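The values are calculated or read from the model by the stated rules, or taken from the named source; none is laboratory data. Computed from a prediction, not measured in an experiment: that's the story for all the values here. Here the Cβ positions follow ideal geometry from the backbone for every residue, glycine too, while neighbour counts run over all protein chains shown. What goes into the accessible areas is simple: the full protein's heavy atoms, side chains included, and nothing from ligands, DNA or RNA. Shrake-Rupley method; radii C 1.70, N 1.55, O 1.52, S 1.80 Å.
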Amino acid sequence: DGVYADATNGDLPHLPYHHEALRDLAEKAMEPGPFGYVEGSAGRERTADANVAAFARYALRPRSLRPGAENAGDLGVTLFGERYPTPLLTAPVGVLEQVHGEAELAVARGANALGVPMVLSTAASTPMEEVAEAADTWWYQLYWPGDDALAESFVRRATAAGAKAIVVTADTKRLGWRPRDLALGHLPFLRSQGMANYFSDPEFRSRLKADPEPGGVFTEAVFHFLGAFASRSLSTDNIARIRDWTDLPVLVKGVVRGDEAIELVEAGVDGLVVSNHGGRQVDNAVAALDALPEVVEAVGDRAAVLFDSGVRSGADVAVAMALGARAVLLGRPWVYGLAVDGAAGVEHVLRAVLAELQITAELMGRDAADLDRDDVTRR
Ligand code: FNR
């Protein structure tokens, strides 16, 4: 049956199915700096831990007898008028050249195999036009730069290259306090080839006095001077401005409060991503899953609410959808698949999560898109 048969295929899996086992393999495959960068979070990493722990506080309520349940288990969802085969997307993750040599191109291939859209980071190691060639469906994630001319250039490039939506990340006006990176002195985002998406931008390049040395290191101050670091004053005004540059749906990622969700909906956003950036920004913050019901209630049906932070399995996706998420972004799990086996590793992770989701939905007597509050209870 569908993804499940494809996931098992009668052969032994070439990679583990459990997130923790895959993470351990990735740790062996990666240098300590890059591994610490991916695995690490802000401060004492309590937010990151809470994101995962929160899923254990919600319990699914399977339905065994419901008539018509034999037809349940469909994974398709409609977002912004487009039909997607599954509710999963790959979360935007920057500087992937430190994870695997094929970086974003491998992610695109792995995601294509499952019909999963890729959300491409502004801090990508590959220029977005090259990713657009490789990816069947992709959205563009914008770190809104301090300088609007650069923001406009990114948004116009993404629109021209075929992105299906723009996701403005709002929780990263500066990087969080990340002790693992500090301890290892690992600042991958400052290396010029790590962020080829910036260095391929005409607006960004026009500010450089000379081409960067291969492997050259830019200081934070230089990035700031170039207007490339994220804006410290993002507000709902930005939503009005971005409408002049694109007709694509606009989402804001990094919302964990109902009051801000209402403000954004009133400013006209099409969607929100409830997320705390995987716990990488504010330590001791609310678990993303615990913020989801508050945001869903505040938004109602005025915008699509998506979710990420702490999703580790298909059952987790089902819980987030039952709490009101219309679609779910997967983060670290596919990054570890990428580290261990490139595109095939990404595909393995996505296939396993989707297979478990499909089986779970079927056993719940539900199509994934129909999961709702009646399907979940506090443990
Ligand atoms: C991220 N995330 C992120 N988000 C974003 O909007 N732009 C980016 O460039 C990045 N870069 C990035 C790098 C790494 C190494 C990680 C782990 C995360 C956040 C990401 O999109 C998502 O919100 C989190 O990964 C979700 O948390 P979990 O489920 O991965 O723990």
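For the Cα atoms of the chain, what angle does the longest principal axis make with the long axis of helix 332-364, in degrees from 0 to 90, nearest 10? Relative to the chain, helix 332-364 is tipped by roughly 30 degrees. For the range 100-255, the square roots of the Cα gyration tensor eigenvalues, ordered a ≥ b ≥ c, give a/c below 1.5, which places it in the rounded category. Taking all protein chains as shown and a probe of 1.4 angstrom, Arg207 keeps an accessible surface of around 60 Å². Heavy-atom accessible surface of the range 259-379, averaged per residue, reaches 32 Å², computed with a 1.4 Å probe.
Work through the residues other than Ala21 whose Cβ is under 13 Å from its Cβ and net out their charges, Lys, Arg +1 and Asp, Glu -1.
Numbers: positive: Arg23, Lys28, Arg312; negative: Glu20, Asp24, Glu27.
Around Ala21, the charge tally is 0.
Can you tell me which lysines have their Cα less than 21 Å from the Cα of Lys173? Leave out same-chain residues fewer than eight positions away. Partners within reach: Lys253. Rg/Rh, computed from the Cα trace of the range 319-379 with Rh as the Kirkwood radius, has the value 1.07. Over the range 145-233, Cα pairs under 8 Å with separation of 6+ residues give a relative contact order of 49 percent. Temperature 10 °C, viscosity 1.306 mPa s: under these conditions the Stokes-Einstein estimate for the chain, based on its Kirkwood radius over C-alpha pairs, is 76 µm² per second.
At a probe radius of 1.4 angstrom, the accessible area of the range 159-256 per residue rounds to 51 square angstrom.
Classified by the C-alpha gyration tensor, the range 141-191 has a prolate form. Its axis ratio a/c, with a ≥ b ≥ c, is 1.5 or above, and a/b is larger than b/c. Report P(r) for the range 281-322: all Cα-Cα distances, bin width 5 Å, range 0 to the bin holding the largest distance, values in whole percent. Once binned at 5 Å, the Cα pair distances of the range 281-322 give 5, 20, 30, 23, 16, 6, 0.
Using Cα-Cα distances under 8 Å and only pairs 6 or more residues apart, what relative contact order does the range 264-334 have, in percent? RCO, the range 264-334: 34 percent. Across the options Leu338, Gly365, Ser309, the greatest Cα extent toward the positive end of the charge dipole of the range 251-379 (unit charges at beta carbon of Lys, Arg, Asp, Glu) belongs to Leu338. The alpha carbon gyration tensor of the range 206-259 gives principal lengths a ≥ b ≥ c with a/c of 1.5 or higher and a/b greater than b/c, which makes the shape prolate. Measuring nothing but protein heavy atoms, the accessible surface of the chain at 1.4 Å probe radius is 50 percent carbon and sulfur. Any idea what log10 I(q)/I(0) is at q = 0.15, 0.23 Å⁻¹ for the range 275-379, Debye with uniform C-alpha scatterers and no solvent? Values, matching the q order: -0.67, -1.25.
Looking at the chain alone, DSSP beta bridges between its own residues are antiparallel in about 25 percent of cases. The C-alpha atoms of the chain define a longest principal axis, and helix 19-29 lies at about 30 degrees to it. Placing unit charges on each Cβ (+1 for Lys and Arg, -1 for Asp and Glu) gives the range 23-154 a dipole about its Cα centre, and among Pro87, Leu142, Ala123 the Cα reaching farthest toward its positive end belongs to Pro87. Over the range 122-168, the reciprocal of the mean inverse Cα-Cα separation, the Kirkwood hydrodynamic radius, stands at 10.7 Å.
The shape of the range 55-178 can be summarised by an equivalent ellipsoid whose semi-axes, obtained from the alpha carbon gyration tensor, come to 32, 18, 16 Å from longest to shortest. For the chain, averaging the sequence separation of C-alpha pairs within contact (under 8 Å, six or more residues apart) and dividing by the residue count gives a relative contact order of 28 percent.
With Cα atoms as the point set, the radius of gyration and Dmax of the range 205-319 evaluate to 17.7, 51 Å.
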